[in-house]
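Working notes for the structure below.
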There are 2 protein chains.
Amino acid sequence: MSEIKTVVTPNSVILDGELNLECGKTLTDINLIYETYGKLNQDASNAILICHALSGNHHAAGYYQGEKRPGWWDSLIGPDKAIDTNKFYVVCPNNIGGCHGSLGPSSINKETGKHFGPDFPIITVKDWVRSQSRLSDYLGIKKWHAVIGGSLGGMQALEWSYLFPKKLKKAVIIAAASKLSAQNIAFNEVARQAILNDPNFLGGRYLDSGVNPKQGLKLARMVGHITYLSDEAMRSKFGRELKEDKLNFGFDAEFEIESYLRYQGDIFSENFDANTYLLMTKILDYFDPASEYEGNLAKALDAVVSQLLVISFTTDWRFSPERSREIVDALIEAKKDVSYLEINSPHGHDSFLFADEQYVRGLASFLEN
Amino acid sequence: MSEIKTVVTPNSVILDGELNLECGKTLTDINLIYETYGKLNQDASNAILICHALSGNHHAAGYYQGEKRPGWWDSLIGPDKAIDTNKFYVVCPNNIGGCHGSLGPSSINKETGKHFGPDFPIITVKDWVRSQSRLSDYLGIKKWHAVIGGSLGGMQALEWSYLFPKKLKKAVIIAAASKLSAQNIAFNEVARQAILNDPNFLGGRYLDSGVNPKQGLKLARMVGHITYLSDEAMRSKFGRELKEDKLNFGFDAEFEIESYLRYQGDIFSENFDANTYLLMTKILDYFDPASEYEGNLAKALDAVVSQLLVISFTTDWRFSPERSREIVDALIEAKKDVSYLEINSPHGHDSFLFADEQYVRGLASFLEN
């Protein structure tokens, strides 16, 4: 069976007007880069918004001309896939604060002629969802058929469901949580300290000086990566396998897992922006819809009218099934139309990227029924 | 009830002869610093050896003159405590490679007149146990009543049981594993990369230059600390509590857990040696007694004749109860005299430091019966 590679190209828009952020600051001339897959139908009722996670971007599916690797969620988005582009018009923007073309810390600040860097405001999931709503207006989509996201993307899908309840029919919240735990925040803090203390960070103004806090970013990614994989997945993938057959009594990478983490960290640190990474961790830490309702999540979700599907994975210890069930329990308490899928998968938090059969079937039937 | 503070002072010895290490190198003039609590009886049959873990040292119990904080295991060692110094003579050395007085990377290399630094050989649990056996000879202890350790200390107690089976009556292996998992190694590798890439590390020769790779060591400790606490313990201790009552939209410490980790990291990085930290992580990674027996742990433990007690804690995710049960299963398969205690404790891996009632009772009765 030969697969036809869909070639895609990104689009770009500058949103009208200002965006007043939760931090009190204002952004203007908001450039969003985004991709679309499939065709919008006549009454614009088949549009699906994909929200990306910490290290994601707008390139969710298909291939760029000449590239061998497809978008990050190509396993799920495409013709006859879980998110079927024969039926749906799929939109995925790079969020504000990102480093893949949308307005962010590595953009040029018109007022200074230099990179925003550390002057870029700290944004929130709410700010993102508001900017995505502006994008909907621009695209002529009054109501999304669905808003879908995994991890930090799932937090955006949840936010959509109560911030703009009438602007979506369905929400899918995958491998997410309604707020970070102290342990989650602790891992983010380690990542931040690694970046902030890299001598090349230069208070965030490294781009203006032509350097990159590569070591800090690499460490941050290595820590993150450990939390994305399950202990079980690591064991079956790497075990205690040595690169050579003997111990070397030195500090070069000896175990396969060491080489793997170093490699992943290196690649990432050459393709991602440190200020964006810092921002993303803060956006995660700050997300807590119940905080405005004295910790009552059900009250925070009172405005929801869409159908919701919450999905978790058994070996995910970053946002465990328990955390997903907190969302489900609150939605049930608030008498909402919620379904819950707990998928048996060995891939840890990263499971949301794999086209496991049960997961694909559950997602497809929720979107199509 | 007023508690009498036992004032203790460390002792020091230079071991006779050479120590041939597993890496092929040789150490001479091995200085070991150690403490003792209680009195050795006439036939030297009441001696207990305490093996310390990654960041531990010889100061396990009692108080130094003028100090407010006791030794790291004072909760368990003392008159009428789990390890009762009214009955037992307790010995705790600082291991070779340490940074609290025993021969290690921060000692002066007589051949060069400079600090050993990165020239200090990478040692193993076996090397440690051999050096501890020399200490036994020096102290006139032919057979330990018990060898006890938690975490990396438990690995030493296990090693004692098959390396010198007739030199101990009992072994207590607490919150340990018979080998690290890929995830354990991964966390160690992050810690190592943090230290190795600190610009003040200077290839390990920072002491000769009068600097300290403080940031790297701080990060390493922060990562480690997360794995010592349970998610549950962090939640009940810190939750999502903010230092101030509002979000500040900046990168200063905002959540209590951030301040706590930074503080712990700062204190540690001022009191510990980076080369020692690197060594300790390698010693952990390398420990795998079954590797010489085609992965068969029962065979590796065939020589054991002592009674053994294995203890684990329910919320420990660094070395979970499952890992302890692997040791117990192998000991049962090898037909050894083993008891197992799984303690319900909320403190994660750090539980071995707390005098939980069930834990104290189990340990005391194993030692005294």
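Only the coordinates and a few stated rules stand behind these numbers; no lab work does. Remember, it's a predicted structure, so these values are computed and weren't measured experimentally. Neighbour counts are summed over all protein chains in view; Cβ atoms, including those assigned to glycine, are modelled from backbone coordinates with ideal geometry.
Points worth noting:
- Criterion applied to A:VAL147, A:VAL125 was being crowded, with 21+ Cβ neighbours inside 10 Å, under 30 Å from A:GLY203 (Cα atoms), among the aliphatic types (A, V, I, L, M) and in contact with a helix residue (DSSP H, G or I) (Cβ under 9 Å, 6 or more places away or on another chain), and the one residue passing it is A:VAL125.
- Take the conditions (1) touching a strand residue (DSSP E or B) at 6+ places or on another chain (Cβ under 8 Å); (2) crowded, with 23+ Cβ neighbours inside 10 Å; (3) more than 30 Å from B:SER45 (Cα to Cα); B:SER320 misses just one of them, which is (2).
- The numbered conditions (1) within 14 Å of chain B (Cβ to nearest Cβ); (2) in contact with an Asp or Glu (Cβ under 8 Å, 6 or more places away or on another chain) are all true for A:HIS115 except (1).
- In the range B:307-333, the qualifying residues are those that are hydrophobic (A, V, I, L, M, F, W, C) and not in a helix (DSSP H, G or I), and the one that is nearest to the chain's Cα centre (by Cα) is B:PHE319.
- Here B:THR28 passes the criteria (1) of a type in the set (Val, Ile, Thr); (2) in contact with a helix residue (DSSP H, G or I) (Cβ under 8 Å, 6 or more places away or on another chain); (3) within 30 Å of A:ASN248 (Cβ to Cβ) except the one numbered (2).
- Selection within the range A:205-236 - more than 23 Å from A:LEU353 (Cβ to Cβ) and either within 9 Å of chain B (Cβ to nearest Cβ) or touching a Cys at 6+ places or on another chain (Cβ under 8 Å) (or both): A:GLN215, A:GLY216
- B:SER151 being away from every other protein chain (no Cβ under 11 Å), free of Cβ contacts under 8 Å to residues at least 24 places away in the same chain and either closer than 21 Å to A:GLU258 by Cβ or among the polar types (S, T, N, Q) (or both): no
- Residue within the range B:270-277 that is crowded, with 23+ Cβ neighbours inside 10 Å, of a type outside the set (Gly, Ala, Ser) and within 9 Å of another protein chain (Cβ to nearest Cβ) present: no
- Scanning the range B:95-102 for residues that are hydroxyl-bearing (Ser, Thr, Tyr) and either away from chain A (no Cβ under 14 Å) or under 23 Å from B:GLU270 (Cα atoms) (or both) turns up at least one hit.
- Among (1) without any contact (Cβ under 8 Å) to a residue 12 or more places away in the chain; (2) under 25 Å from B:ARG240 (Cβ atoms), the one test that A:PHE287 misses: (1)
- Selection count, the range A:190-219, where residues are in contact (Cβ under 8 Å) with a residue 60 or more places away in the chain and not polar (S, T, N, Q): 14
- Of everything listed in (1) more than 16 Å from B:MET280 (Cβ to Cβ); (2) in contact with a Ser or Thr (Cβ under 7 Å, 6 or more places away or on another chain), the single unmet condition for B:ILE96 is (1).
- In the range B:292-306, residue nearest to B:GLY362 (Cα to Cα) [restricted to those that are without any contact (Cβ under 8 Å) to a residue 60 or more places away in the chain and in a helix (DSSP H, G or I)]: B:ALA298
- Identity of the residue in the range B:239-266, facing chain A (nearest Cβ under 9 Å) and within 26 Å of the chain's Cα centre (by Cα), that ends up surrounded by the fewest Cβ atoms within 10 Å (Cβ to Cβ): B:ARG262
- Entry remark, the range A:326-349: residues being within 17 Å of A:ASP288 (Cβ to Cβ), without any contact (Cβ under 8 Å) to a residue 60 or more places away in the chain and touching a strand residue (DSSP E or B) at 6+ places or on another chain (Cβ under 8 Å) number 1 in total.
- Any hit, the range A:253-267, residues being assigned to a loop (DSSP other than H, G, I, E, B), among the charged types (D, E, K, R) and within 18 Å of B:SER181 (Cβ to Cβ): yes
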